[in-house]
Amino acid sequence: MKVSYHGHAVVKVETQGKTILIDPFINGNGLTDLKVENEKPDFIILTHGHNDHFGDTVELAKKNDALVIANAEIATYLGFQGVKAHPMHIGGSFEFEFGKVKLTQAFHGSSYTTPDNQIIYMGMPAGVLLMIEGKTVYHAGDTALFSDMKLIGERHPIDLAFLPIGDNFTMGPEDAATAASFLNPKLVVPIHFDTFPPIKQDPNNFISLLQVVDGKVLEVGESIEL
């Protein structure tokens with residue numbers, strides 16, 4: 001399984017001939033190396049409905065006949081747009097052809113702003129556990145620090161965790177380092193930083209704060225083999 005980082009909160013997982021995109025914010029993302037016209041996801045997973053995570057989901061899904069996995073509110077909205085979607089919700093899991101997906105809680109908001117400036121409620125935000133090829137990948141989505149991360153790590157030993165560090169809208173480096181100690185993954189990678197001025201951070205500072213787990217700053221386009 002190949003897992004790669006593509007700026008902001010965009011993560012790509014390639015496994016068993018399938019491609020999964022998490023939070024595919026491409027157009028408007030000044031940090032990403034991806035182009036919508038080049039991406040061919042089989043599945044898209046959304047942590048929540050904010051535009052910098054929902055991103056190019058509709059275009060990508062329609063162009064590639066991809067299945068979108070998201071909470072029930074987002075899945076319903078996508079159905080109205082003619083997109084195939086599988087609804088889930090926090091605490092639930094489902095076995096897909098590539099592996100199991102489980103949604104965890106996240107402490108944040110979730111809405112989508114339309115081109116005509118209408119705000120649509122998109123349900124509760126979530127984190128995502130991917131259990132694939134005997135490995136577990138955790139994408140925390142946008143979240144504050146919360147103590148139940150300890151339970152997530154205990155019940156689902158994590159091989160690779162993606163944690164936001166940008167502060168302002170999510171955890172900052174210090175809280176993210178505490179989150180890493182709660183989750184106790186084999187490796188943690190920082191995400192959701194530098195895209196916009198309010199979330200400028202030095203990811204190496206975050207790595208220096210880690211005490212009980214290993215961390216790695218992935219450059220945009222860099223990957224890890226699990």
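A short reminder: the numbers here are calculations on the coordinates, not readings from a lab. Every value quoted in this text rests on a predicted model; they were computed, and no experiment measured them. Positions of Cβ are backbone-derived with ideal geometry, glycine not excepted, and every protein chain shown enters the neighbour counts.
Rank by packing, highest mean first: peptides 213-220, 158-165, with packing defined as the count of other Cβ atoms within 10 Å averaged across residues.
Peptide ranking by packing, descending: 158-165, 213-220.
Run the numbers on segment 171-218 and let me know its relative contact order in percent, using alpha-carbon pairs under 8 Å that are six or more apart.
Over segment 171-218, the number comes to 49 percent.
Which angle from 0 to 90°, rounded to the nearest 10, does the C-alpha axis of helix 173-183 make with the longest principal axis of the chain?
Helix 173-183 sits at roughly 90 degrees to that axis.
Ignoring everything except DSSP H segments at least 4 long, calculate the 222 nm mean residue ellipticity for the chain; use -39,500 (n - 2.57) per segment, divide by total residues, nearest 500.
-5500 deg cm²/dmol
For Lys63, go through the aspartates and glutamates and keep the ones whose alpha-carbon is under 14 Å away, minus same-chain ones fewer than eight residues off.
Glu37, Glu39, Asp42
Beyond 27 Å between alpha-carbons counts as too far, so tell me which of Lys100/Lys200; Lys135/Lys216; Lys62/Lys135 fall in that bin.
As for pairs spanning more than 27 Å Cα to Cα, those are Lys100/Lys200; Lys62/Lys135.
Within 10 Å of each candidate Cβ there may be at most 15 other Cβ atoms; applying that plus a DSSP loop requirement, which trypsin sites (Lys or Arg not before Pro) in segment 1-78 survive?
Within segment 1-78, the qualifying trypsin sites (Lys or Arg not before Pro) (loop, at most 15 other Cβ atoms within 10 Å) are Lys35.
Give me Met131, Met149, Met88 ranked fewest to most by other Cβ atoms within 10 Å of their Cβ, as a rough exposure proxy.
Fewest to most other Cβ atoms nearby, the residues stand as Met131, Met88, Met149.
Can you tell me, using C-alpha contacts under 8 Å and at least 6 residues apart, the relative contact order of the chain as a whole percent?
Relative contact order comes out at 17 percent.
Quick one: give the max-minus-min coordinate of the C-alpha atoms of segment 2-217 along each principal axis, largest first, in Å.
Cα extents, longest axis first: 47, 38, 30 Å.
Just report the Cα centroid separation between segment 143-193 and segment 64-126, whole Å.
21 Å
Under 10 Å, Cα contacts only: if you run a Gaussian network model on the chain, which one of Ile20, Ile74, Ile199 comes out with the highest mean-square fluctuation?
Ile199
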